[in-house]
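A short worksheet on the structure shown next.
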Amino acid sequence: MELDAVSIEQRDGADPLARLRQLFSIPDGIIYLDGNSLGALPKNVSAVLASAVEEQWGKSLIKGWNCHGWIDLPSKVGNRIAKLVGADDGTLICADSTSLNVFKVLATAIKMRPERKVILSDTGNFPTDLYMAQGLKELTGGDIELRLVAPEEVEAALDETVAVMMLTEVDYRTGRKHDMKALTEKAHSVGALAMWDLCHSAGAFPVHLKEAKADFAVGCSYKYLNGGPGAPAFVYVAPEHQSHSGNPLTGWMGHDAPFAFDLGYTPSAKTDQMRVGTPQVLAMTALDASLDVFDETSLEALQGKSIELSELFISEVKRRCPNLELASPIDPLERGSQVSFRHEQGYAVMQALIDRGVIGDFRAPNIIRFGFAPLYLSFAEVYKAAEILEEIIAGDLWDKPEYHQKSKVT
Ligand SMILES: *Cc1c(COP(=O)(O)O)cnc(C)c1O
């Protein structure tokens with residue numbers, strides 16, 4: 001045992017990314033395995049945000065739109081995110097929430113395939129994506145069909161009735177990763193468009209939107225991108241679709257000339273057409289600052305460390321808690337940056353972990369989920385988390401009334 005702990009310490013000592021931890025503010029005694037739900041706070045954000053409030057808003061007032069470039073934040077921050085997901089400058093903007101962006105993209109895609117009615121998705125998709133598709137279907141008088149298949153059946157279900165394939169690259173429960181390039185190619189071969197949700201991808205590992213020829217993508221920035229609670233999301237439109245202006249939320253910021261104040265709507269011919277209303281300047285400023293840490297490393301390096309951390313966790317948990325069933329793919333290249341296990345009392349097990357300073361999360365019905373954010377996690381922490389999990393499982397320490405008490409957010 002001692003030997004193990006020593007060799008783990010040596011691994012941290014030899015880790016070239018270990019220096020990045022100091023860029024984050026993480027409370028002492030907390031092992032944070034939930035960066036896939038809400039990324040930790042990069043230390044530089046507080047000062048940038050305080051200055052945006054006091055110096056920019058406080059002193060420049062309305063002039064800030066021009067003199068501090070507030071108006072261009074959606075494209076400025078969008079271009080920084082574009083680099084992290086393999087997209088060209090000018091093809092991605094920061095705006096709204098992922099849910100809203102799903103709606104905008106689906107409506108656009110449906111408009112681009114007027115003779116088709118099917119949105120194809122899978123049962124592993126995140127519910128909000130499916131709910132937005134259901135809302136769009138209601139709005140069109142039920143004219144659209146949302147067709148759901150099991151994740152492994154998506155490829156076979158792609159046929160010439162499908163207008164758009166809507167998938168999330170990494171399954172939020174199991175971490176299972178779709179093959180973006182192969183499925184996009186198959187979608188195109190039947191004339192369908194491909195929309196990818198990158199909520200659990202962006203900032204965790206390399207994504208190649210352009211190379212995969214994705215038509216559209218959406219994603220959020222408060223998970224691996226560390227943009228802060230409720231940080232604005234992003235939306236990508238492939239260059240060849242830039243002029244298709246199908247966004248049904250025709251707000252003034254998506255207009256070709258918002259400050260001409262025309263009475264009629266003329267969409268911008270650029271990705272800006274996906275903008276709706278006034279950008280969330282303070283939230284976007286915080287996100288902009290949080291992205292600085294990505295200038296310090298590469299997504300390839302982050303993925304490499306994420307794989308090492310998750311492999312260590314899986315092997316330790318397997319050894320210490322042999323009865324816990326792994327819910328994630330065993331091949332690290334087939335999963336995102338998270339590892340999940342099944343336990344019928346998963347909620348209580350997670351509360352017991354959190355009570356002991358190990359923060360992960362629970363996903364109904366029985367998933368305990370651990371995210372590995374390689375920017376700020378150490379091997380020693382992952383090792384320690386497995387040790388604490390073993391104590392909880394071996395001693396049934398989860399079986400306390402307070403650990404069964406459900407909160408509003410799980
Ligand atoms: C986290 C997440 C969302 C969240 O959407 P919001 O509109 O930001 O609440 C959407 N889709 C997926 C796949 C997610 O993981």
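The values are calculated or read from the model by the stated rules, or taken from the named source; none is laboratory data. The structure displayed is predicted, hence computed values, not measured ones. Cβ: placed from backbone, ideal geometry, glycine included. Neighbour counts: every protein chain shown. Just so you know, the surface numbers come from the protein's heavy atoms only, side chains and all, with ligands and any DNA or RNA stripped out. Shrake-Rupley method; radii C 1.70, N 1.55, O 1.52, S 1.80 Å.
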Put Met132, Met166 in order of accessible area, largest first, probe 1.4 Å, and you get Met132, Met166
Using a 1.4 Å probe, how large is the accessible area of Met180, given in Å² and rounded to the nearest 10?
10
Jot down the radius of gyration and Dmax of region 142-225, Cα atoms only, both in angstrom.
12.8, 38
Is it possible to state the helix-based mean residue ellipticity at 222 nm for the chain, with each DSSP H run of 4+ residues giving -39500 (n - 2.57), the sum divided by total residues, to the nearest 500 deg cm²/dmol? What is it?
-10000 deg cm²/dmol
Rank these by accessible area, largest first, 1.4 Å probe: His244, His255.
His244, His255
Computed from the beta carbon distance with a Förster radius of 60 Å, FRET efficiency for Ser7 and Asp262 to the nearest 0.05 stands at 0.35
Sort out for me the Cα centre separation of region 331-350 from region 33-74, rounded to whole Å.
34
22 Å Cα-Cα threshold exceeded, pairs from Lys43/Lys63; Lys83/Lys137; Lys305/Lys384; Lys223/Lys270; Lys186/Lys270:
Lys43/Lys63; Lys83/Lys137; Lys223/Lys270; Lys186/Lys270
Hey, could you pull the Cα Rg and Dmax for region 257-318, both in Å?
21.1, 64
Can you pull the accessible area of Cys67 for me, 1.4 Å probe, Å² to the nearest 10?
80
Probe 1.4 Å, all chains present, heavy atoms only: Asp399 accessible area in Å², nearest 10, is 100
Where trypsin sites (Lys or Arg not before Pro) fall in DSSP loop in region 340-409, at most 12 other Cβ within 10 Å:
Lys406, Lys408
Quick one: with all protein chains in place, what share of the accessible area of the chain is carbon or sulfur, to the nearest percent (1.4 Å probe)?
55
Suppose the chain between Glu296 and Glu152 were pulled fully straight at 0.36 nm per residue; how much longer would it get relative to their current alpha carbon spacing?
48.2 nm
For a Förster distance of 51 Å, can you work out the FRET efficiency between the beta-carbons of Asp28 and Trp65, rounded to the nearest 0.05?
0.80
Percent of beta bridges antiparallel (DSSP, the chain, rounded to nearest 5)
55
Give me the distance between the Cα centres of region 378-394 and region 75-153, rounded to whole Å.
38
So what are the three principal axis dimensions of the chain from its Cα atoms, in whole Å, longest to shortest?
71, 56, 40
Which FRET efficiency value, to the nearest 0.05, do you get for Val48 and Glu160 by plugging their Cβ-Cβ distance into 1/(1 + (r/R0)^6) with R0 = 45 Å?
0.35
